[in-house]
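Please read the structure below before turning to the comments.
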Amino acid sequence: MRRLLPDTFAGWVIVLLIGGLALSQAVTLAINYRSRTSTATVLEHFRLAERVADVVRLVGGSPPEQRQRMLSSLAGPTLRANWGARPAIPDAPPADWHAQLFAQVVQSALWDVPWHELRVELADAPPAIARAAGATPDRLRAATPGVARSVNEIIAEHERASVLHVSLQLDDQTWLNFEAPLVEERDVGSPWSVPLFMLAALAILGASIWAVRRLTSPLTMLAAAAEHLGRDVNAAPLSETGPQELRGAAHAFNLMQERIQRFVRDRTLMVAAMSHDLRTPITRLRLRAEFVEDEEQRRRMLSDLDDMESMVDSTLAFVREEASTEETASTDLVSLVANVCEDRHDVTFVVDPRVGPRLPYVCRPVALARCLTNVVDNAVKYAGSAEVRLDTSASSVTVVVEDRGPGIAGDDRERAFAPFTRLDPSRNRETGGTGLGLTIARAIARAHGGDVGLEDRVGGGLRVIVTLPR
């Protein structure tokens, strides 16, 4: 069921509008049908009552010997009457509301005719009413085909309808008995109802699509700006257009972006200043260490200073990377990855056949090369060799770097991306490094809308996957 429902705000608005239109049309048709049926029923009762009253006046003023012949000549598809000494209806009050209503209407129509008793009953059985004289099938065939068809349909409806039985006692104690079909209104709408509804639905659908797209386009821009901000903190501010609520959301987003930019800029400046200022005392300590007479102590002091200087250099590189404003450009990824691998020994590079000789990709080439360099150097440093494979799909480009080293336990994989983190036992100070290689690599990949993940290599070792969106 959820698959049939729309998955967008625009889709929901259109469904609600069309659904509301259909519901309002259905309610309108239902109200119109009830009103039309009630009106038609009352009019039908008045029509029959007037005919009964006319027959009563005519028969009441005629000699008894002419009454039956007169009633036979008046018989037709919509009314049949006979005259006799007994009523056709037993003495009982009308139970059906149609009978009650008809009795009231007949009484009001007979205001000028003397009578003693009126009985009305609604029967379900179809009446045995003969066709009126002149309405024979032969004469209908001679008429216009459309008229013949309409008359036949009307007669068929009268023959299938319920029947009102009326027994009226005249002033001379004789009874007039009537049978009349009660045809209820069944036509809800005209043949134009469905085309008009479809035309209105199409007009509302077109107007809805235009209005919804106009309303939701700022939301789409807001989502795109938020996604762009995740890749580039220095992205341009969002245009504050659209309705008041959307302008307010865009303004709040721009304020948030400005605060984030200020926070990143201040943090970057602070870390860069601290790292830069540490160079002077490190240099002084290095000079003083040269005057230490104990060879072992001098070696250890210089080693610690080398580590400190390496950490300062890595920190400055990390800060420079986050503050980088390198422009994007179309780059051949095959050549870029090949250049990274060619400069290192014991690194093999394989291109998937689906990639081809060239793979143009819009990126920050210097930053992306640094990302891949850190990953490849990390594999060579701890495993001695690496295998690099470039693959592509409809949605992403993947660079896989595999090594046959000790690998990383599953619980430590996410921690390996934390700044200044080195995992024991193989990733220690003896192998060098400051624990920023994977941190910088992931930061660059995420700035491109991708990511860096770690997996176990089949047969042992580590598998690093750099994923970039197409």
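The values are calculated or read from the model by the stated rules, or taken from the named source; none is laboratory data. Since we're looking at a predicted model, the values are computed, not measured. Heads up, the Cβs are rebuilt from the backbone with ideal geometry, glycines too, and the neighbour counts pull from every protein chain shown. Heavy atoms of the whole protein, side chains included, go into the accessibility calculation; ligands, DNA and RNA do not. Shrake-Rupley method; radii C 1.70, N 1.55, O 1.52, S 1.80 Å.
Observations
- Going through (1) touching a residue at least 60 places away in the same chain (Cβ under 8 Å); (2) in a helix (DSSP H, G or I) one by one, Thr373 falls short only on (1).
- Screening the candidates Leu58, Leu79, Leu48 for the property of being open to solvent by 40 Å² or more (accessible area, probe 1.4 Å), at pLDDT 80 or above and under 15 Å from Leu176 (Cβ atoms) yields one hit, Leu58.
- Qualifying residues in region 159-180 (those that are open to solvent by less than 40 Å² (accessible area, probe 1.4 Å) and touching a Pro at 6+ places or on another chain (Cβ under 6 Å)) - the one modelled with the lowest pLDDT: Ala161
- Within region 399-427, the set of residues being at negative phi and either modelled with pLDDT of 90 or more or surrounded by 18 or more Cβ atoms within 10 Å (Cβ to Cβ) (or both) comprises Val399, Val400, Val401, Glu402, Asp403, Gly405, Ile408, Ala416, Phe417, Arg427.
- Test for Asp343: is it at pLDDT below 85, out of contact with any His (no Cβ under 9 Å at 6 or more places or on another chain), more than 30 Å from Ala235 (Cα to Cα) and surrounded by fewer than 19 Cβ atoms within 10 Å (Cβ to Cβ): yes
- Scan of region 377-398 for residues that are touching a helix residue (DSSP H, G or I) at 6+ places or on another chain (Cβ under 6 Å) and buried (at least 18 other Cβ atoms within 10 Å of the Cβ), ordered by number: Asn378, Ala386, Val388, Leu390
- Qualifying residue in region 300-320 (condition: touching a strand residue (DSSP E or B) at 6+ places or on another chain (Cβ under 8 Å) and under 20 Å from Gly453 (Cα atoms)): no
- Qualifying residue in region 280-287 (condition: of a type in the set (Val, Ile, Thr), under 48 Å from the mean Cα position of the chain (by Cα) and assigned to a helix (DSSP H, G or I)): no
- Criterion: farther than 30 Å from Ala224 by Cβ and either aromatic (Phe, Trp, Tyr) or assigned to a helix (DSSP H, G or I) (or both) - qualifying residue of Glu258, Glu309, Glu293: Glu309
- Under the condition of being open to solvent by 70 Å² or more (accessible area, probe 1.4 Å) and of a type in the set (Ser, Thr, Tyr), the residues counted in region 28-37 number 2.
- Residues located in region 342-366, provided they are closer than 21 Å to Gly449 by Cβ and part of a strand (DSSP E or B): Pro360, Tyr361, Val362, Cys363
- Of the criteria (1) in contact (Cβ under 8 Å) with a residue 60 or more places away in the chain; (2) exposed (fewer than 15 other Cβ atoms within 10 Å of the Cβ), which one Ser208 fails: (2)
- Residues of region 324-340 satisfying the condition of being outside any helix (DSSP H, G or I), free of Cβ contacts under 8 Å to residues at least 40 places away in the same chain and either open to solvent by less than 30 Å² (accessible area, probe 1.4 Å) or β-branched (Val, Ile, Thr) (or both): Thr328, Thr331, Asp332
- Qualifying residue in region 243-251 (condition: open to solvent by less than 60 Å² (accessible area, probe 1.4 Å), part of a helix (DSSP H, G or I) and free of Cβ contacts under 8 Å to residues at least 24 places away in the same chain): yes
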